[in-house]
Structures are given as structure tokens and as C-alpha cells.
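The structure appears below as C-alpha cells.
No lab work stands behind these numbers, since they all come straight from the coordinates. Worth saying up front: this structure is predicted, and the values here are computed from it rather than measured. Here Cβ is always computed from backbone atoms with ideal geometry, including for glycine, and neighbour counts include all displayed protein chains.
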Amino acid sequence: MKAAETTAAETPEVADTQGMNYLVSLPRRIVTVYVPLGAFLLVLLFPFYWMGVTTFKPNEELLSREGNPFWVKNPTLAHVNKLLFETSYPDWLWNTMLIAVVATVLSLTCSVLAAYAIERLRFHGSRYVGMAIFLAYLVPPSILFIPLATVVYKLQLFDTRLALILTYPTFLIPFCTWLLMGYFKSIPFELEECALIDGASRWQILVKIILPLAVPGMISAGIFAFTLSWNEFIYALTFVSSSEVKTVPVAVVTELVEGDVYHWGSLMAGALLGSLPVAVLYSFFVEYYVSGLTGAVKE
Amino acid sequence: MASSGTATERWLDNRHVLGLLFLLPAGVILVLFLTYPLGLGTWLGFTDAKIGRDGAFVGLDNFEFLWGDAVTRLALFNTLFYTVVASVIKFALGLWLALLLNKHLPFKAFFRAIVLLPFIVPTALSAIAFWWIFDSQFSIISWALQRMGVIQTYIDFLGDPWNARLATIAANIWRGVPFVAITLLAGLQTISPSYYEAASLDGATPWQQFRYVTLPLLTPIIAVVMTFSVLFTFTDFQLIYVLTRGGPLNATHLMATLSFQRAISGGNLGEGAAIATAMVPFLLAAIMVSYFGLQRRAWQQGGSDK
């Protein structure tokens, strides 16, 4: 809430009073602003365009150096068709969705309780727990996956969706808790004091006062957690080995690449289709996502 | 009955008790799947554990072996090279993009939204797109360069050691610039426009405005953003795994991909864990340098003008 409000509130102010920019002539502005910005956008978006073009190109156009490669002459759905009906792609999508949703809900629940306890209950040692949460956020999965694999194996969770559902919170909970602590901090203490005087229990305060006010923060944390789970790679690569339980990012890399012949069309279709859910979700919640990103860095 | 109910209620209203109770679910998950494995990983680094076999303590054997191992040394060099080059360029381009987006533009919110796209889609999947873009036979970059007459034959992006290093760095930069740009943009938006007005009235050139107003005020957030960026880059795994699997001739192996190869593909858990453990001091050093180094400059900013 806080972060979203400040960006929203400041944008117009910055826009109409930004220094003496009106003194800069238009040709100069084109060279110093629009040309570099255009180049940035071109480079940043080209791989997506290229995924799209490749998805709909027939094989003979893909493997030819003649003609204009930036356009499709005879668009075809053959690659998409192959992906959806001749591979287990729909299952992988379902796995990814299931794992991401459950891991997000689990992490968000744990994080709300933890953030409220650290930020609002101020129990003995809460400051140290807050620091520990931040440090946990800095632990990268690539130094954790080997011992975590042995833990997963010992718990007999190897090659199950539950292995991923339970290990994703190791990076989701620290992130969400840290983000929610920032949001809880911005809610005035007076609201809680009034409720306490009126005889509300701590649980009622959390559910009826704090949570409704922290909805934007929870959306930010939720969107972010979902995206991080959807994109996760190294745990999904290590803890799961059967095709039926793989997630999209891992399955596209390990299952769609067969031998030396690369089916570029279906590979790109798989990459495009696997990116779409997060891209669509993101497009609906851009502000929440950005405030989550910047909020987590700013604190 | 009633009295025991109120006793429980009063007990639950004690914030210390309730605090620990609320912390319990997160705590159980984090201790079991984060703290314990972190300790276990360090321990494994000192054992000869294999997949399916608990190892025995072997002291510093793994580290001694790795120190003499040419591939590990190469991976260390690659990781440092990858991190330093990618981070510096990501910072420069990210700051530039942030400054551009901070200008008074039409459709500003729209631009900001699409700029972040490379950061939000799964890296493994965008890496697949780069794999195709860097293909040795059908690369679109080679096609375009050949048409422009810059090159005669197609470039073997991922088959030559130095080409592969630079190609993976390029893909990493592509993914990381949006993160740096958007977070720095948030920092830029907190700088009051009145500073720029005052500076303009005093006759400061745009460069001076940037150097003496923007940069000092942005330093704290630059420190945090770059700390995260260095951390992500140093521990990168999926980009390399998808694009080259560490090849050609181990030229792009990072410590993370090497530890995966040794521990999971090769079955030597102890050796892989030792490589992962060896990353920790570098990570701590990187955090210290980028965090405290930049922090100090923020403290000095008052007197460093003359």
C-alpha cells in the first residue's frame, strides 16, 4: 500500500516539475531519449518476438537461410499441435500451476503470521528473528540444493510434487515475510490499541483489522511468490525425475530436447506457452508486482 | 470450564506466547528445509558422501582435491569473470535505462511494465530462446550480420570458449537489466525535483546535475540493488545449464553448475557440497564489498565535493 501509493502520488509531481526539461529542444530529445529507449526496448523484447515467430513457422522456413526470417510466410499450428497433443505438456502445465498455487498459499499463510508476530507482537527477540528472516532471504538455492536433496530423499519425498511444494517456501517465506513486515509497519498502532480496549483478541485484530488493511501487500507478496515458484528451476531439476511430475521450465529443457535434432518450433512454442501465464498475471498486477520488487529492495 | 477457557485465552493474549505460536509454521519449515540443510551442506563438504551412501568424515580432502583440480579452478575464474563483467554492464545499462524512463514520457507506465518482462518470465524458457538465437547454423544474429556484410561465415556462439562466455554473459545481462532499471527508477522517483530546479538555476549542466545530485542521492539504493544483482549473478545456474551445460571445454562452467554436475550427475555429493561451500566466502565478500563499499561513499558525500 505504502509503496504503491508513493509511486502513484509522486509520478505526476515529477512529471510536471521535472527541472527545466522544457528547455531541451525536440531534435535533441529524440537523440538523447527516444533513440536509446527504442534500442533498449528492441533488444529487451526481441527474444519474445522471436519465440512467437518461430512458434508459427513451418520447418522448411525455419531451416532456410533464404527470404526474410523476421516474418512468417505460411503460418502453421503444427508445432503447437505437436506440443499439446503429442507430449505431456498439458500435464506439466498442470503440475506447475498446482505446485505454484499450493506453495504460494502455504508460504503466504506462514508469512502473514510470522510478519505479524515480528512486527506487531514484538515478543522477546523479535528483532533478531527479523534479522534472521532477512539473512535467510540471502541464501541462494544453488548452494542449498545438494543437502536439500538428501533431506528430500530421507523424507521419502523424492520425485513427488510435495517435495517442491515443501521446498519452495524456503525462498518464498523469507521474501514474503520481509515484504509484509514493511506493510504491517505502515499500519497505525492506534487502530490495534482501540480494538484491544474494546476487548478484541489478538486473533480478531489480525483477521478483522490488520489483514483487510494489508490486502495490497498480500497481493504483492502473492503475485511475487507465484511467479518465483512458476519460474523455479534448480530444485525442480534435482528433486523430481519422472516426466509426470515435472514442471514446465524443467520439462521443456529436459524432455523436449531429443537427441541431436532440435525441434525448434515446438521448443519455442513450449517456451512461449510456459511464459504466458506469468506474463498475463503480471500484466494485470503490474503495480503490485513493481511495488513488491521495489519494496523488498528498499526496506 | 469457563475459568479454564479464560485462562487459555489470557495465556493466548500474552504477546510473547502468541508471538512464538504465530512464528511456529514458518519456523518449522525454515529450520527443516533451510537451516538444517545449510549446516548439513557444510558437513557434507567434509565427507566423501555419494548418492545412496552416507559418507565418512575426510577432513579437508575434498577442498585439497578441488584446489588442485583444473576444472574447478577454471570454474572459479569463469564465475568471477561472469559476475564482474555482467554486474558492471548491468549496472551501467540499468542506470541508463532508469534515467531514460524517469524522463517525462508519454505512456510511461506502459514502458515501465514491458521493460520488466525479461525479468518475470521463467529464465529457463527465455534461455531456450537465446539458445535458438545463438544457434550455430540458423542464428538470426549471424544472418543479420552476414547480410550487412560484417561477417563472412556464421559465428559459432556457443561452440567456442570465449564466444560462449560472452554469449552467456549477454543473456544474463538481458535478464538482469530490467531488475536494476526498475528498482533504480523507484529510487530516482524519490528524489525531489526541487534539487534539479535549484541546480539548473545555479547553472549546473545535465552532467553536473547527474554527478552531484542524482548519484549521491541514489547511492544507498544502488548499494542494495547491486548487492542483490551480484548475489544472483554469482550463484546463477539455470542460464548456463540450459545454454551450454558448462561447455565447450568447461569454458562456461560456473561453480553452481559444476557442483550440480559433480554432486547430482556424477553422484559425488561430498565433492559437490564442497564446491557449494566454497562459494559462501566469495558471496560474503561480494556482499561486504558492494554493500559497505558503497555505504561509505554515502557517508562521505557531504565532504567529498571539493
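Remarks
- Residues (more than 7 Å from every other protein chain (Cβ to nearest Cβ) and either of a type in the set (A, V, I, L, M, F, W, C) or surrounded by fewer than 16 Cβ atoms within 10 Å (Cβ to Cβ) (or both)) located in the stretch A:135-148: A:135, A:145
- Pairs with Cβ under 8 Å, 6+ apart, first in the stretch A:131-151 and under 10 Å from residue B:34 (Cα atoms), second among the acidic types (Asp, Glu): A:141/A:232
- Elements of type helices (runs of 4 or more DSSP H) in the stretch A:179-286, at least 3 residues being free of Cβ contacts under 8 Å to residues at least 60 places away in the same chain and away from chain B (no Cβ under 11 Å): A:189-197
- Condition broken by residue A:101, with the remaining ones in (1) out of contact with any Cys (no Cβ under 9 Å at 6 or more places or on another chain); (2) closer than 30 Å to residue A:206 by Cα; (3) surrounded by 17 or more Cβ atoms within 10 Å (Cβ to Cβ); (4) not small (Gly, Ala, Ser) satisfied: (3)
- Matching residues, the stretch B:70-89, being of a type in the set (Gly, Ala, Ser) and over 15 Å from the mean Cα position of the chain (by Cα): B:70, B:75
- Filtered by the rule that a residue be without any contact (Cβ under 8 Å) to a residue 24 or more places away in the chain and either outside any helix (DSSP H, G or I) or crowded, with 16+ Cβ neighbours inside 10 Å (or both), the stretch B:144-165 gives B:146, B:148, B:149, B:150, B:151, B:152, B:153, B:154, B:155, B:156, B:157, B:163.
- For the stretch A:105-134, the set of residues classified as β-branched (Val, Ile, Thr), at the interface with another protein chain (Cβ under 10 Å from one of its Cβ atoms) and under 19 Å from the mean Cα position of the chain (by Cα) consists of A:109, A:112, listed by residue number.
- All helices (runs of 4 or more DSSP H) inside the stretch B:11-111 with 1 or more residues being away from chain A (no Cβ under 12 Å): B:61-68, B:70-101
- Among the residues of the stretch B:168-207, those identified as over 33 Å from the mean Cα position of the chain (by Cα), in a helix (DSSP H, G or I) and more than 7 Å from chain A (Cβ to nearest Cβ) are B:194, B:198, B:199, B:201.
- Residue A:107 farther than 30 Å from residue A:239 by Cβ and either touching a Phe, Trp or Tyr at 6+ places or on another chain (Cβ under 7 Å) or not hydrophobic (A, V, I, L, M, F, W, C) (or both): no
- The stretch B:237-274, residues that are among the β-branched types (Val, Ile, Thr) and closer than 24 Å to residue B:49 by Cβ: B:257, B:264
- Extreme residue, surrounded by the fewest Cβ atoms within 10 Å (Cβ to Cβ), among residues of the stretch A:58-98 that are part of a loop (DSSP other than H, G, I, E, B) and of a type in the set (Lys, Arg): A:73
- Tally, over the stretch B:126-138, of residues that are crowded, with 20+ Cβ neighbours inside 10 Å and either of a type outside the set (A, V, I, L, M) or at the interface with chain A (Cβ under 7 Å from one of its Cβ atoms) (or both): 8
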